[in-house]
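What follows is a short report on a single structure.
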Amino acid sequence: MKLNTHERKKFRTRNKLKKVSKIGRFRLSVSRSLKNISAQIIDDQKNITLLSASSTEKDVKSMNKLNKTELSKIVAEKIAKKAQEKKITKIYFDRSVYKYHGRVKIFAETLRKNGMEF
């Protein structure tokens, strides 16, 4: 099966993270589109999603017009708060095919400010 460039990059980063993943440390996967950003914390040992947050949720959408970087900060704060409630502090950051630049970088920095370690 031949993979295109996008699928190869995604497979490469996820495969590296899954190889080093340990028990008690979960993967935070980020996905973004042109207007929105979403993230979820995944347990690769059990193959389940523990937490998720998105800019398409009602409480985030109800805020006045925000630009995309502000949305990234809000979603990062939201998922960090949910993770602290479940006592999750150490994660692996899965940026997928996106460069560590722009909204993804702001998202990661906001997570670090809110107590997440990766």
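Would you check if there is a residue in segment 54-77 being surrounded by 12 or more Cβ atoms within 10 Å (Cβ to Cβ), under 11 Å from the mean Cα position of the chain (by Cα), outside any helix (DSSP H, G or I) and not acidic (D, E)?
Looking for residues that are surrounded by 12 or more Cβ atoms within 10 Å (Cβ to Cβ), under 11 Å from the mean Cα position of the chain (by Cα), outside any helix (DSSP H, G or I) and not acidic (D, E), one finds at least one in segment 54-77, hence yes.
So, R32, is that one farther than 14 Å from L111 by Cβ, surrounded by 15 or more Cβ atoms within 10 Å (Cβ to Cβ), of a type in the set (K, R) and within 16 Å of the chain's Cα centre (by Cα) or not?
So R32 passes the test.
For M1, work out the one condition from (1) among the hydrophobic types (A, V, I, L, M, F, W, C); (2) out of contact with any strand residue (DSSP E or B) (no Cβ under 8 Å at 6 or more places or on another chain); (3) in a helix (DSSP H, G or I) it doesn't fulfil.
(3)
Can you confirm whether segment 75-92 contains a residue that is at pLDDT below 95, over 28 Å from E7 (Cα atoms) and among the hydrophobic types (A, V, I, L, M, F, W, C)?
The answer is yes; a qualifying residue exists.
Could we say that Y92 is among the aromatic types (F, W, Y) and free of Cβ contacts under 8 Å to residues at least 40 places away in the same chain here?
Answer is no for this residue.
So in segment 78-97, with the set limited to residues that are of a type outside the set (D, E, K, R) and under 11 Å from the mean Cα position of the chain (by Cα), which one is farthest from F26 (Cα to Cα)?
S96
Any idea which of I37, I74 is of a type in the set (A, V, I, L, M, F, W, C) and closer than 26 Å to K16 by Cα?
I37
Against the condition assigned to a helix (DSSP H, G or I), in contact (Cβ under 8 Å) with a residue 24 or more places away in the chain, surrounded by 12 or more Cβ atoms within 10 Å (Cβ to Cβ) and out of contact with any Pro (no Cβ under 6 Å at 6 or more places or on another chain), how does S38 come out, does it pass?
Considered against the rule, which asks whether it is assigned to a helix (DSSP H, G or I), in contact (Cβ under 8 Å) with a residue 24 or more places away in the chain, surrounded by 12 or more Cβ atoms within 10 Å (Cβ to Cβ) and out of contact with any Pro (no Cβ under 6 Å at 6 or more places or on another chain), S38 comes out as no.
When F26 is evaluated against the numbered criteria (1) exposed (fewer than 15 other Cβ atoms within 10 Å of the Cβ); (2) at pLDDT below 95, which criterion, by number, is the only one it fails?
(1) is the only condition that F26 fails.
Return the residues of segment 78-118 that are in a helix (DSSP H, G or I) and in contact with a helix residue (DSSP H, G or I) (Cβ under 6 Å, 6 or more places away or on another chain); say none if nothing qualifies.
Residues satisfying the conditions are A80, R103, I106, F107, T110, L111.
From K99, K105, K86, K113, which residue is of a type outside the set (A, V, I, L, M) and touching a residue at least 12 places away in the same chain (Cβ under 8 Å)?
Going through K99, K105, K86, K113 in turn, just one is of a type outside the set (A, V, I, L, M) and touching a residue at least 12 places away in the same chain (Cβ under 8 Å): K86.
Can you pull out every residue in segment 102-118 that is within 25 Å of K19 (Cβ to Cβ) and at pLDDT 95 or above?
V104, K105, F107, A108, L111, R112
The values are calculated or read from the model by the stated rules, or taken from the named source; none is laboratory data. Because the structure is predicted, anything quoted here is derived from the model rather than measured. Neighbour counts are summed over all protein chains in view; Cβ atoms, including those assigned to glycine, are modelled from backbone coordinates with ideal geometry.
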